[in-house]
Amino acid sequence: YGSRRRYFRGKQLDSVMNYPLRGAIIDFVKSGNATVLYNTLTELYSSYPREASDALMNIIGTHDTERILTVIGGEEDQGYDNKTLASMKMTQGERLRAKQLLKIASTIQFTVFGIPSLYSGDEAGVEGYHDPFCRKPFPWGKEDAEILLHYRKLGEMRNAHSAFNGGDFNIIDHSDSYMIYERKDKNDRVVIAVNRGEAMKFTLRGKWNDILTDKKFEGNVTLDKDSALILERI
């Protein structure tokens with residue numbers, strides 16, 4: 001801790017936890033700033049050896065951080081004591097909004113270069129502030145079914161598409177509020193679009209299916225406000 005280390009070339013560290021990506025994803029879903037996300041992804045991908053980029057530990061929550069659902073939707077910790085934090089939970093409206101943003105955040109986590117690393121309980125909708133509240137046990141039998149289904153789709157998608165197994169990462173388009181990128185290899189191509197601004201449209205040749213919603217598109221693709229798409233060819 002607190003010292004510069006050599007890494008990626010066999011001297012000290014073989015890989016690192018991808019905290020820069022975590023910060024950029026959280027900033028994007030909370031503020032709608034796609035520029036920070038774009039800059040972070042392009043800097044990492046151009047600076048790290050390709051083998052290291054493909055093996056990065058992509059996190060949005062860990063045992064050392066507040067639960068991601070709380071980070072993006074809950075009241076900020078204003079220095080409250082542990083007794084207060086132990087009982088703080090999101091309102092129903094805050095939780096609904098946090099779940100919407102979590103779907104965008106996790107879509108990015110699972111589709112950019114690197115390996116998605118999921119902190120147990122995030123896929124079940126666990127809330128919690130800093131340690132020890134982020135270390136609540138898995139809520140067996142009380143999982144949030146909507147969030148769990150979303151994560152299962154993400155996992156199945158990664159297994160089904162070879163483009164996520166070392167495929168190229170290319171950003172197709174971006175603005176201050178959205179980003180469109182692709183993962184592809186010689187046999188597979190997946191296009192991902194995330195948006196925190198107003199609804200917009202973009203064009204893709206051919207027929208496509210959104211893995212997350214099963215919506216079909218041909219030519220023009222509609223990207224709704226505060227949404228994410230993972231498009232596969234059909």
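Worth pointing out:
- Qualifying residue in the range 60-79 (condition: of a type outside the set (D, E, K, R), without any contact (Cβ under 8 Å) to a residue 24 or more places away in the chain and farther than 25 Å from residue 192 by Cα): yes
- All of (1) basic (Lys, Arg); (2) under 26 Å from residue 196 (Cα atoms); (3) in a loop (DSSP other than H, G, I, E, B) hold for residue 4 with one exception: (2).
- Taken together, the residues in the range 222-234 that are more than 18 Å from residue 161 (Cβ to Cβ) and either open to solvent by 100 Å² or more (accessible area, probe 1.4 Å) or not in a loop (DSSP other than H, G, I, E, B) (or both) amount to 4.
- Considering only residues in the range 111-129 that are touching a strand residue (DSSP E or B) at 6+ places or on another chain (Cβ under 6 Å) and among the small types (Gly, Ala, Ser), the one that is farthest from residue 152 (Cα to Cα) turns out to be 114.
- Within the range 49-94, being assigned to a loop (DSSP other than H, G, I, E, B), in contact with a helix residue (DSSP H, G or I) (Cβ under 7 Å, 6 or more places away or on another chain) and more than 19 Å from residue 27 (Cα to Cα) holds for 63, 90.
- Candidates 41, 37, 21: the one that is touching a helix residue (DSSP H, G or I) at 6+ places or on another chain (Cβ under 6 Å), buried (at least 17 other Cβ atoms within 10 Å of the Cβ) and touching a residue at least 24 places away in the same chain (Cβ under 8 Å) is 37.
- Consider the range 44-94 and keep the residues that are open to solvent by less than 60 Å² (accessible area, probe 1.4 Å) and of a type in the set (Asp, Glu). The one that is nearest to residue 166 (Cα to Cα) is 54.
- Elements of type strands (runs of 3 or more DSSP E) contained in the range 95-210, each with 3 or more residues being in contact with a helix residue (DSSP H, G or I) (Cβ under 8 Å, 6 or more places away or on another chain) and surrounded by 13 or more Cβ atoms within 10 Å (Cβ to Cβ): 168-174, 178-184, 189-195
- Residue check, residue 46 in contact with a helix residue (DSSP H, G or I) (Cβ under 8 Å, 6 or more places away or on another chain) and at pLDDT below 95: no
The values are calculated or read from the model by the stated rules, or taken from the named source; none is laboratory data. This is a predicted model, so every value here is computed, not measured. Glycine also receives a Cβ, built like all others from the backbone with ideal geometry; neighbour counts cover every protein chain displayed. Quick note on the areas: whole protein, heavy atoms, side chains included, nothing else; ligands and nucleic acids left out. Shrake-Rupley method; radii C 1.70, N 1.55, O 1.52, S 1.80 Å.
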